[in-house]
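> First the structure, then my questions, so here it is.
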Protein chains: 2
Amino acid sequence: MKEKELRRSLAVLPIGTVMKLTDLSARQIRYYEEQGLIVPERNAGNRRMFSLNDIDRLLEIKDYLADGINMAGIKEVYELQKQRAKQKQAALARPLTDDDVRRILHDEFLNLGRLQSDPGPHYPAH
Amino acid sequence: MKEKELRRSLAVLPIGTVMKLTDLSARQIRYYEEQGLIVPERNAGNRRMFSLNDIDRLLEIKDYLADGINMAGIKEVYELQKQRAKQKQAALARPLTDDDVRRILHDEFLNLGRLQSDPGPHYPAH
DNA sequence: TGCATATGTCATGTTTTCTTACATGAATTG
DNA sequence: CAATTCATGTAAGAAAACATGACATATGCA
């Protein structure tokens, strides 16, 4: 499962291909990068190079936008995901204290309603 | 298994990416196309666009060349593969006659020695 | 009405790729 | 040995793709 992950994160696609695969304009893709939602690599000539993971992320962003969530909201979604991933990794790195467990469970429940079944209220631009 | 095949045959990679993934020069890749060993698609602007299957094929070609097989030999290899695939499909399309079976078995045995265990003598330039 | 957001469009410069042509070292053949 | 063929390198000029920056605009909200 490690090699597959590597392949999915290989930056091999130019923006033209990504436009076709996602049906997004170059302007949109660059804007999402500007907003920090994706961070495509650059080749030696400064061309953006995208991975399959980037494609997935872009399609997700598209869905969120179609659902009426704005940039700020999407950023928050990914912030939460990042923090959850970080916690999970920390949990793997060392044995969990009771306090960890409580905090993780708390966050899980906190995020359940907002991110899965129901997008919830549209996030205001903080 | 059908969707995976589709993804593998999607022409999404520019030649620059292919160069890096295969460690072949643009000259080599174009030459192999000229020889009919690969047939990359073209985008609207006439740029070659490669699929993952093309990458596999190029790496195969590289291996064959490293083994001392020349273009003519490699062409023959792929010709045989194509014919075998055609026969297999024909076999699926209609019931086999005894004669079919005999002929297919014959070809299988014929190709066994040459293509699998031992590359055999280097093919002369036809 | 005025402002912020998300996207379109245009201009200009750089990078990538295309085709065509010629060059070349290694192997082959007469 | 001289002449070919093969597989690849290299260079030139044109076209396509992409980058950045600026300005335009529709939409929704305060």
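The values are calculated or read from the model by the stated rules, or taken from the named source; none is laboratory data. Just so it is clear, the model here is predicted, and its values are computed rather than measured. Every residue, glycine as well, gets a Cβ built from its backbone with ideal geometry; the counts of neighbours run over all protein chains shown. Each accessible area value is taken on the protein alone, full model and side chains, heavy atoms only, with ligands, DNA and RNA left out. Shrake-Rupley method; radii C 1.70, N 1.55, O 1.52, S 1.80 Å.
> Please list, in chain and number order, the residues 5+ apart from B:Phe50 or on another chain whose amide H is under 5 Å from its amide H, with Hs placed from the backbone.
Amide H neighbours of B:Phe50, under 5 Å, 5+ apart: B:Val12, B:Leu13.
> Near A:Val12, within a Cβ-to-Cβ distance under 12 Å, what is the net charge of the other residues, with Lys and Arg +1 and Asp and Glu -1?
+3
> Still on this structure, please answer the following. Whole-Hz Karplus ³J(HN,Hα) for region A:6-16, in order, using 6.51 cos²θ - 1.76 cosθ + 1.60 and θ = phi - 60°, x for Gly and Pro?
Here the 3J(HN,Hα) series is 4, 4, 5, 9, 6, 8, 10, 10, x, 5, x Hz.
> Below 22 Å, Cα to Cα, which lysines can A:Lys62 reach? Residues fewer than 8 away in the same chain don't count.
Cross-link targets: A:Lys20, A:Lys75, A:Lys82.
> In square angstrom, what is the accessible area per residue of region B:1-66 with a 1.4 angstrom probe?
For region B:1-66, the per-residue accessible area is 64 Å².
> In Å, what is the Rg of the alpha-carbon atoms in region A:1-66, and how long is Dmax?
Cα-based Rg and Dmax for region A:1-66 come out at 11.6, 35 Å.
> Counting only protein heavy atoms and a 1.4 Å probe, tell me what percentage of region A:1-77's accessible area is made up of carbon and sulfur.
Using a 1.4 Å probe with all protein chains present, region A:1-77 comes out at 50 percent carbon and sulfur.
> Still on this structure: Quick one: 3J(HN,Hα) in Hz for region A:21-34, Karplus 6.51/-1.76/1.60 with θ = phi - 60°, rounded, Gly and Pro as x.
With coefficients 6.51, -1.76 and 1.60, one gets 5, 9, 6, 10, 7, 4, 4, 4, 4, 5, 5, 5, 5, 4 Hz.
> A:Ala26 to B:Ala91: FRET efficiency via 1/(1 + (r/R0)^6), r the Cβ-Cβ distance, R0 30 Å, to the nearest 0.05?
The calculated FRET efficiency here is 0.05.
> For the interface of B with A, what's the total buried accessible surface in square angstrom, probe 1.4 angstrom, rounded to the nearest hundred?
500 Å²
> What ³J(HN,Hα) values, in whole Hz, does the Karplus curve 6.51 cos²θ - 1.76 cosθ + 1.60 give for region A:58-66 when θ = phi - 60°, with x put for Gly and Pro?
Karplus-based 3J(HN,Hα) across region A:58-66 equals 5, 5, 4, 4, 4, 5, 4, 5, 4 Hz.
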